[in-house]
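A.B. asks: Next up is a structure, given as structure tokens.
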There are 2 protein chains.
Amino acid sequence: MSNAIYVGTSIDGYIADSEGNIGFLESVPNPERHDLGFADFMESVDALLMGRKTFQTVLGFGVAWPYPKHVFVYSSLLESVPDELADKVTIVRGELHEVIGRLNTEGYKRLYVDGGELIKALLREDQIDTMVIARLPVLLGGGISLFGPTPAHLHFEHVRTEVLLDAIVMTTYRRKR
Amino acid sequence: MSNAIYVGTSIDGYIADSEGNIGFLESVPNPERHDLGFADFMESVDALLMGRKTFQTVLGFGVAWPYPKHVFVYSSLLESVPDELADKVTIVRGELHEVIGRLNTEGYKRLYVDGGELIKALLREDQIDTMVIARLPVLLGGGISLFGPTPAHLHFEHVRTEVLLDAIVMTTYRRKR
């Protein structure tokens with residue numbers, strides 16, 4: 001059982017600017033469309049657990065559905081998903097740790113957790129085991145923060161760091177327990 | 001003329017925890033007392049411009065004076081410095097950009113700016129040219145933030161990244177102008 005995040009952030013730790021824009025994620029030229037380790041990361045998980053806002057943002061991109069693993073959308077508001085995603089996406093609700101326990105029991109043991117609020121909710125409970133953080137070389141100066149309160153100082157093991165596209169510092173951390 | 005910072009921070013961008021403690025900076029074992037590039041960085045500057053609180057914190061360490069370059073303490077409150085530092089430390093006051101202009105004119109063209117408030121004041125005016133950021137592998141969950149508001153998205157060039165002591169990700173950034 002493990003919860004992992006894979007997320008792009010500014011040097012100052014924002015995942016969107018103060019207008020909610022994420023254009024800075026595309027601010028580094030990527031002519032050969034390097035996937036920034038996304039496929040490898042995706043291989044390492046059994047499913048995604050995603051917040052509603054992130055889900056709706058992805059839908060809004062109007063691109064082909066990008067996830068090869070099942071996506072569980074954590075939402076008490078969402079009532080249905082588009083028909084074409086019916087076999088790829090499931091809405092889940094309830095207490096977060098119960099939802100995760102249920103998914104684990106169903107065989108989805110390694111979860112890729114995505115979405116600012118969901119990540120912060122899990123950090124608050126010290127439930128994040130692996131973090132893959134891609135630092136883009138920009139200061140946004142404000143916006144939606146990746147991080148939030150934790151119950152204590154949470155120490156991590158540094159697993160690896162790579163510099164991608166001569167600009168993005170991508171570090172994998174594993175929680176020391 | 002350039003202003004540089006060299007600073008240790010948590011993954012979530014804090015330079016001290018919510019009690020003002022900086023013990024996390026010593027949380028990585030460093031048996032051979034690696035200087036984390038400090039001497040090289042110090043070679044690259046002409047003087048330090050330091051906030052009062054940082055100055056008083058350094059004094060409070062009770063260690064030998066650690067700076068081989070002249071230190072200018074930016075403070076409207078401080079009236080004097082300890083006698084033994086009289087030839088090493090000068091108090092400066094006034095508008096920050098005027099103080100920096102004056103130091104530049106006096107030949108201190110490359111400044112190492114230290115102190116949370118001073119760094120944030122310069123970021124607010126887009127006056128930081130070089131950032132050497134050492135990320136310790138810990139989430140503090142709150143405290144004194146390294147970063148603050150900026151007048152816009154500030155883009156930086158990634159100069160280099162090294163992993164030190166198998167744990168600390170040290171990245172040098174240079175402002176793109």
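A.B. asks: Report the residue, chosen from B:Gly23, B:Gly148, B:Gly13, that carries the largest GNM mean-square fluctuation when chain B is represented by alpha-carbon nodes joined by springs under 10 Å.
C.D. replies: It is B:Gly23.
A.B. asks: Then there's this: Given C-alpha coordinates of region B:66-105, what is the ratio Rg to Rh with the Kirkwood estimate of Rh?
C.D. replies: On the Cα set of region B:66-105, Rg over Rh gives 0.98.
A.B. asks: Send over a whole-number figure in Å² for the accessible area per residue of region B:97-150, probe 1.4 Å.
C.D. replies: About 36 Å² of surface per residue is accessible.
A.B. asks: Can you give the helix-only mean residue ellipticity at 222 nm for chain B, where every DSSP H stretch with n ≥ 4 adds -39500 (n - 2.57) and the sum goes over all residues, rounded to the nearest 500 deg cm²/dmol?
C.D. replies: -5500 deg cm²/dmol, from helical runs alone.
A.B. asks: Comparing A:Tyr14, A:Tyr67, A:Tyr108, which has the greatest mean-square fluctuation in the GNM of chain A with Cα pairs linked when under 10 Å apart?
C.D. replies: A:Tyr67
A.B. asks: Taking each residue of B:151-163 in turn, how many C-beta atoms of other protein chains fall within 10 Å of its C-beta, and what is the average?
C.D. replies: Whole-number average of other-chain Cβ neighbours for B:151-163 is 5.
A.B. asks: Are there any residues in region A:107-126 with a reduction of at least 10 Å² in accessible surface when going from the isolated chain to the assembly of protein chains? Probe 1.4 Å, please list them by number.
C.D. replies: none
A.B. asks: Going out from 0 in 10 Å bins, what whole percent of all Cα-Cα distances in region B:18-177 drops into each bin?
C.D. replies: P(r) over region B:18-177, rounded to whole percents: 9, 35, 40, 16, 1.
A.B. asks: Please tell me which of these pairs span more than 22 angstrom C-alpha to C-alpha: A:Lys120/B:Lys176; A:Lys53/A:Lys120; B:Lys88/B:Lys176; A:Lys53/B:Lys176?
C.D. replies: A:Lys120/B:Lys176; B:Lys88/B:Lys176; A:Lys53/B:Lys176
A.B. asks: To one decimal place, what orientation-averaged projected area in nm² is obtained for the convex hull of the Cα set of region A:39-118?
C.D. replies: 5.3 nm²
A.B. asks: Give the percent of DSSP beta bridges with both residues in region A:37-161 that are antiparallel, rounded to the nearest 5.
C.D. replies: Given both bridge residues lie in region A:37-161, the antiparallel proportion sits at roughly 0 percent.
A.B. asks: State, as an integer percentage, the relative contact order of chain A based on alpha-carbon contacts under 8 Å between residues 6 or more apart.
C.D. replies: Across chain A, relative contact order equals 35 percent.
A.B. asks: Another question, if that's okay. For region B:26-82, treating each Cα as an identical point scatterer without solvent, what Debye log10 I(q)/I(0) comes out at q = 0.17, 0.28 1/Å?
C.D. replies: -0.71, -1.27
A.B. asks: Averaged over peptide A:136-149, how many Cβ atoms belonging to another chain are found within 10 Å of each residue's Cβ?
C.D. replies: 6
A.B. asks: So what are the protein assembly as shown's ellipsoid semi-axes, whole angstrom, largest first, if each one is the square root of 5 times an eigenvalue of the alpha-carbon gyration tensor?
C.D. replies: 42, 21, 18
A.B. asks: Roughly how far apart, in whole Å, are the Cα centres of region B:80-146 and region A:79-126?
C.D. replies: Each part reduced to its Cα centre gives a spacing of 44 Å.
A.B. asks: Can you divide the C-alpha Rg of region B:106-172 by 2.2 N^0.38 Å and report the result to two decimal places?
C.D. replies: For region B:106-172, the normalised Cα radius of gyration comes out at 1.26.
A.B. asks: Same structure again: Could you run the numbers on buried accessible area between B and A, total for both chains, 1.4 angstrom probe, in Å² to the nearest 100?
C.D. replies: Its buried surface, counting both partners, is about 2500 Å².
A.B. asks: Within the protein assembly as shown, what whole-number % of the accessible surface is contributed by carbon and sulfur, with the 1.4 Å probe and all protein chains included in the calculation?
C.D. replies: 49 percent
The values are calculated or read from the model by the stated rules, or taken from the named source; none is laboratory data. Nothing here was measured: the structure is a model prediction, and the numbers come from that model. Don't worry about glycine lacking a Cβ; one is built from the backbone with ideal geometry, like all the others, and counts go over all protein chains shown. Just the protein is used for accessible areas: all its heavy atoms, side chains included, with ligands, DNA and RNA removed. Shrake-Rupley method; radii C 1.70, N 1.55, O 1.52, S 1.80 Å.
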